[in-house]
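As structure tokens, the structure follows; a few thoughts come after it.
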Amino acid sequence: MAARTTTRLAIGYALAVAFIAAAPLFLDAYWLDVLNSVGLYVLLALSLNLILGDAGLFNMGHAAFYAVGAYTTAILSTRFQIPILWTLPASAVVAALFATLVARPVVHLRGDYLLVVTIGLGEIVRIALVNDVFGLTGGANGIFGIARPTVFGLKIRRPHEFLYLIWAFVAVTVLLFHRLEQSRFGRALNYLREDPVAAEGSGVNTARYRLLAFALGAAWAGMTGTLYAAKMTIISPESFGFWESVVLFLMVILGGSGSIPGVILGATLVVVLPEVFRGFASARMLVFGLVMMVMMVVRPQGLLAFRILRFKESDVRRAGASQ
Amino acid sequence: MEQFFQQLTNGLAVGSIYALIALGYTMVYGVLRLINFAHGDLFTYGAYLGMTLLTSFLLHDHLGLALGLVVLAVMVMGLVAVIGVILERAAYRPLRESPRLSAVVSALGASIFLQNALMLVYGARYQVYPDILPQTTVSLLGQQVPVMRIAVVLVSVTIMAALYLFVQKTKVGTAIRAAAIDQGAARLMGIDVNKVVTIVFVIGPALGGGAGLLVGLYYGQISFTMGWIYGMKAFTAAILGGIGNIPGAMVGGLLLGVVEALGAAYVSFAWKDAFAFLVLILILIVRPSGLLGERVAEKI
Amino acid sequence: MSALLEVRGVTKSFGGLTAVSDVSFDVEAGSVVGLIGPNGAGKTTTFNLITGNYRADRGTIRFEDRAIDRMRTHKIVQAGIARTFQNVRLFQQLSAVENVLAGRHCRTKSGALGALLRPPWQVREEREAAARAVEELAFVGLSGHAMELAKNLAYGDQRRLEIARALAADPRLVILDEPAGGMNEQETEELIGLIGRIRKRGITILLIEHDMSLVMRACEHIVVLEYGEKIAEGPPASIQANPRVIEAYLGTEEV
């Protein structure tokens, strides 16, 4: 059973890689751009999944970390002419520090209280951006004139070039997050989600792991912000509002909280379906709302809830044999 | 002094609207331990239904201003209560035994659904209420205050006092309080918890819808997204007073309204919306049980 | 030579209610100590004070000559005290072996970076942790259930899984909160055997239990609480003969 799941997953990823690699051959610029959007949202949803899906912390202000990353890149690029991809680590660090700072006093709050507080934090960040905080964020108009990224001397500007850049980042992220999931660190987050009292009582420093989940999730959202800023060359506060956080939350829940392939599927569906049914664009959010309600009754674990078992039958047998 | 007094009364008016909405959050939370994220949208429905009824029936022309408004209020509150009961049946009742996250997600879904349904019907633009109210001011403690501002406070306080008496003095009120303390025990005492939940989803949305009507009449301009910001602030008010606590919601609402009005006037208007969130975060860090709530030790 | 665990004058109130009042007792290394008393006597509160889930208002708790009454729970586990819970608290959606690995957490080191880069020492640490978890599962008699989700195990098995999780943390003292709760006679019999085997490993045991026959057979020292106060202490025979204990239990439970 577990072995078959792993094989199916490997086949799924291989098909996805082949599809993305060949996409410029049969998709026009518009649809390539949709795929780029999918990639960015997959990254954001996976980063939120660390916090919400793996650690079970209801974070509905994730767009704030995305914003911190995007603005870090924008400021470094426009004021100090630092090449875009060099700002990736800076975005990660700034977003992680910011997350640690704001999450520290509230992270112990019970489920839905944390949800409301993170909504509040997200709004405060947006209001701060609109109010041109520190004179750095450009107010409601945002920041424009962000430079294009350069990879090995090649300037990335057209959709298919961004396609490879963004999806390479997605591939690395998926690989790393699978490793994370199957480690002591990933298990600690799961213990926290399942029962924080039992986790602490088993010797897990729950306060620390709550913060680490926020820091790591925020770091990845921050780096996604860098890619977004590079792709758009202009960013403004309205891209990082409350609904952005809601949509990310929806992707994780819809696809399968805690399941990497599930979250990828969730993000893909939420971005692509409205594009397919463009005639109903105005009813998009209406349908999302309905889907959220129906899902919770019919399939609360999400569409693709399976997770890879960290220990397979064979591992256990091998562990037993080594005694 | 003049500005302070104006801001204070203005804050009390806004705060009493927050308090009316907060009552819905607090009562639902008290009984179901659920944050009804769609409550802010029920408030918006009150505002829109009020506008439609006002313009299509012209009750104030037929019945006179005072009686017309009373009939209008009763109609709006009744309709929003119906929506509230349907909401509970559709989005919350099937999830009564599910994990908290499921109900939270369903509540958010309901909120998104209600909001966008409204947008599809009325369009995304601001809507304007017909101007039917007197713009006069009265002299209060030597200052000129708009009559409507006083009326908003008086109407809200009267409704809240009536609710408080209802919950404290009547049999149904006792059942609501009992279900809020311990559903299982309440059931054993012969209380029909489902009925209590339905009653709560009649009262809460009715008050929220009434608040929506007040906002429409008082400010004259409404939008389909306004429920979310009013809702968040009212929820803050409920937490501030101690969630589940009815007098707490009133105190919290008035306090938040005043803090926000004074903050906007004396600190920074641009950061006005951030004050409420800051209050929310601070209160949850410092005293999560709220000003009037009791601390409860977690059972292990 | 001081005792392994020393509880001295510990008091804890919730609001106006004093749950534990000026309680003192010792747990000698290598012994099996029972903490008994009628419902609401403050037994579980005492456990939660020892494990750091609650903070004592007054009094001190020392473990291996170190004050632990101000330490956080996970630090206390690291110091060598592991526990089970009165109402089984397993990680329901995780497999049995993953549950036991939680106990291994405080004895292993690899963090996020190690998980991402997978250096050889981390791979080895994971393998060793898994081997140990499997070993503990076998020790409590759950060999065949390693891959089952905790929520799918029978109730008695869930209790034993909790014990395996506690043992995986290399404790010197395990605290068992009603380990026989919900078990049938045969399972209780097996539990008494398990307690004996835990003890043979050199691990000291402190337990709360309502099953008096189990307490009298498994424990060599018993502490009796009533209304938050210690009313008696001693070996099983003297406890059974103690008039205050008999009075406390009269009409509620048989001694």
Could you say which residue among A:100, A:118, A:137 is more than 8 Å from chain B (Cβ to nearest Cβ), under 16 Å from residue A:72 (Cα atoms) and among the polar types (S, T, N, Q)?
-> A:137
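In the range C:71-125, how many are among the basic types (Lys, Arg) and within 19 Å of the chain's Cα centre (by Cα)?
Restricting attention to the range C:71-125, the residues satisfying the condition of being among the basic types (Lys, Arg) are C:72, C:75, C:83, C:89, C:104, C:107, C:109, C:118, C:124.
In the following step, the residues that additionally are within 19 Å of the chain's Cα centre (by Cα) were identified as C:72, C:75, C:83, C:89, C:104, C:107.
Of the residues in the range C:71-125, 6 are among the basic types (Lys, Arg) and within 19 Å of the chain's Cα centre (by Cα).
Can you spot a residue in the range C:128-142 that is over 15 Å from residue C:198 (Cβ atoms), within 11 Å of chain A (Cβ to nearest Cβ), among the acidic types (Asp, Glu) and not in a loop (DSSP other than H, G, I, E, B)? It would help to see each step written out before you state the result.
Of the residues in the range C:128-142, the ones over 15 Å from residue C:198 (Cβ atoms) are C:128-134.
Those left that are additionally within 11 Å of chain A (Cβ to nearest Cβ): C:128-134.
Retained after the next criterion (residues that are among the acidic types (Asp, Glu)): C:128.
With the extra rule that they be not in a loop (DSSP other than H, G, I, E, B), the set shrinks to C:128.
Yes: one or more hits.
Modelled with pLDDT under 95 and within 19 Å of the chain's Cα centre (by Cα), is that true of residue A:246? Quick ask: steps written out before the conclusion?
Working: modelled with pLDDT under 95: yes; within 19 Å of the chain's Cα centre (by Cα): yes.
When the stated conditions are applied, residue A:246 passes them.
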Give, as residue ranges, the helices (runs of 4 or more DSSP H) completely inside the range C:1-113 that count at least 2 residues that are without any contact (Cβ under 8 Å) to a residue 24 or more places away in the chain and within 30 Å of residue C:155 (Cα to Cα).
-> C:73-79
Determine whether the range C:40-54 contains at least one residue that is of a type in the set (Phe, Trp, Tyr), more than 13 Å from residue C:6 (Cβ to Cβ), buried (at least 19 other Cβ atoms within 10 Å of the Cβ) and out of contact with any helix residue (DSSP H, G or I) (no Cβ under 8 Å at 6 or more places or on another chain).
-> yes
Of all residues in the range B:201-220, which are under 17 Å from residue B:40 (Cβ atoms) and either of a type in the set (Gly, Ala, Ser) or surrounded by fewer than 24 Cβ atoms within 10 Å (Cβ to Cβ) (or both)?
-> B:203, B:204, B:206, B:208, B:209, B:210, B:211, B:212, B:216, B:219
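Rundown of residues vs (1) in contact with a Gly (Cβ under 8 Å, 6 or more places away or on another chain); (2) more than 18 Å from residue B:92 (Cα to Cα), yes/no style:
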{"site": "B:150", "(1), (2)": "no, yes"}
{"site": "B:153", "(1), (2)": "no, yes"}
{"site": "B:159", "(1), (2)": "yes, yes"}
{"site": "B:175", "(1), (2)": "no, yes"}
{"site": "B:182", "(1), (2)": "no, yes"}
{"site": "B:196", "(1), (2)": "no, no"}
{"site": "B:201", "(1), (2)": "yes, no"}
{"site": "B:210", "(1), (2)": "yes, yes"}
{"site": "B:213", "(1), (2)": "yes, yes"}
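Test residue A:128 against the stated conditions and say whether it is over 16 Å from residue A:50 (Cα atoms), without any contact (Cβ under 8 Å) to a residue 24 or more places away in the chain and assigned to a helix (DSSP H, G or I). Give the steps one after another, and end with the answer.
Working: over 16 Å from residue A:50 (Cα atoms): yes; without any contact (Cβ under 8 Å) to a residue 24 or more places away in the chain: yes; assigned to a helix (DSSP H, G or I): yes.
Here the answer is yes, as residue A:128 does meet what is asked.
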Can you name the condition, by its number, that residue A:72 falls short on among (1) within 30 Å of residue B:102 (Cα to Cα); (2) in a helix (DSSP H, G or I); (3) touching a residue at least 40 places away in the same chain (Cβ under 8 Å)?
-> (1)
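Here is a check on your reading of the model: is residue A:27 closer than 25 Å to residue A:129 by Cα and not aromatic (Phe, Trp, Tyr)? Show your work before the answer.
Numbers: closer than 25 Å to residue A:129 by Cα: no; not aromatic (Phe, Trp, Tyr): yes.
Here the answer is no, as residue A:27 does not meet what is asked.
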Residue list for the range C:94-125, filter: at the interface with chain A (Cβ under 8 Å from one of its Cβ atoms), at pLDDT below 90 and over 20 Å from residue A:208 (Cβ atoms) | C:118
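Among what's in the range C:20-42 and is under 25 Å from residue C:66 (Cα atoms) and within 14 Å of chain B (Cβ to nearest Cβ), pick the residue that is modelled with the highest pLDDT.
Step one: filter the range C:20-42 for residues under 25 Å from residue C:66 (Cα atoms), giving C:20-35, C:42.
Filter once more, so that each one left must be within 14 Å of chain B (Cβ to nearest Cβ): C:20, C:42.
Values: C:20: 92, C:42: 89.
Restricting to residues being under 25 Å from residue C:66 (Cα atoms) and within 14 Å of chain B (Cβ to nearest Cβ), the top hit is C:20.
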Neighbours by Cβ (under 9 Å, 6+ apart or cross-chain): first from the range A:89-101, closer than 13 Å to residue A:223 by Cβ; second among the β-branched types (Val, Ile, Thr) and surrounded by fewer than 22 Cβ atoms within 10 Å (Cβ to Cβ) = A:90/A:82
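Can you confirm whether the range A:200-207 contains a residue that is closer than 28 Å to residue A:31 by Cα and of a type outside the set (A, V, I, L, M)?
No, the conditions are met nowhere in the range A:200-207.
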Just one of (1) more than 10 Å from chain A (Cβ to nearest Cβ); (2) outside any loop (DSSP other than H, G, I, E, B); (3) not aromatic (Phe, Trp, Tyr) trips up residue B:132, so point out which.
-> (2)
All conditions in (1) surrounded by 15 or more Cβ atoms within 10 Å (Cβ to Cβ); (2) within 30 Å of residue B:225 (Cβ to Cβ); (3) not aromatic (Phe, Trp, Tyr) are true of residue B:180 except (2)
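Right, residue C:77: crowded, with 21+ Cβ neighbours inside 10 Å, at pLDDT 95 or above and at the interface with chain A (Cβ under 7 Å from one of its Cβ atoms) or not? Break it down stepwise before answering.
Details: crowded, with 21+ Cβ neighbours inside 10 Å: yes; at pLDDT 95 or above: yes; at the interface with chain A (Cβ under 7 Å from one of its Cβ atoms): yes.
Spelling it out, residue C:77 is indeed crowded, with 21+ Cβ neighbours inside 10 Å, at pLDDT 95 or above and at the interface with chain A (Cβ under 7 Å from one of its Cβ atoms).
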Within the range A:261-283, can you find the residues that are surrounded by 15 or more Cβ atoms within 10 Å (Cβ to Cβ) and at the interface with chain B (Cβ under 8 Å from one of its Cβ atoms)?
-> A:283
Where residues in the range C:146-155 are touching a Ser or Thr at 6+ places or on another chain (Cβ under 9 Å) and outside any loop (DSSP other than H, G, I, E, B), which of them is nearest to residue C:33 (Cα to Cα)?
-> C:150
Pairs only if they're at least six apart or on different chains, beta carbon under 8 angstrom, first in the range B:99-118 and more than 7 Å from chain A (Cβ to nearest Cβ) and more than 13 Å from residue A:243 (Cα to Cα), second aromatic (Phe, Trp, Tyr) and in a helix (DSSP H, G or I); list them, first residue then second.
-> B:103/B:92; B:107/B:92; B:114/B:45; B:118/B:45; B:118/B:48
Being within 14 Å of another protein chain (Cβ to nearest Cβ) and either within 21 Å of residue A:250 (Cα to Cα) or assigned to a helix (DSSP H, G or I) (or both) is the filter here, so list the residues in the range B:74-98 that pass it.
-> B:86, B:87, B:88, B:89, B:90, B:91, B:92, B:93, B:94, B:95, B:96, B:98
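Would the range B:55-73 turn up any residue that is over 22 Å from residue B:198 (Cβ atoms) and either of a type in the set (Lys, Arg) or not in a helix (DSSP H, G or I) (or both)? Steps first, please.
In the first step, residues of the range B:55-73 are kept if they are over 22 Å from residue B:198 (Cβ atoms); the result is B:55-72.
From what's left, either of a type in the set (Lys, Arg) or not in a helix (DSSP H, G or I) (or both): B:58, B:64.
Checked against the condition, which is being over 22 Å from residue B:198 (Cβ atoms) and either of a type in the set (Lys, Arg) or not in a helix (DSSP H, G or I) (or both), the range B:55-73 yields at least one hit.
The values are calculated or read from the model by the stated rules, or taken from the named source; none is laboratory data. Since this is a predicted model, take the numbers as computed values, not measurements. Positions of Cβ are backbone-derived with ideal geometry, glycine not excepted, and every protein chain shown enters the neighbour counts.
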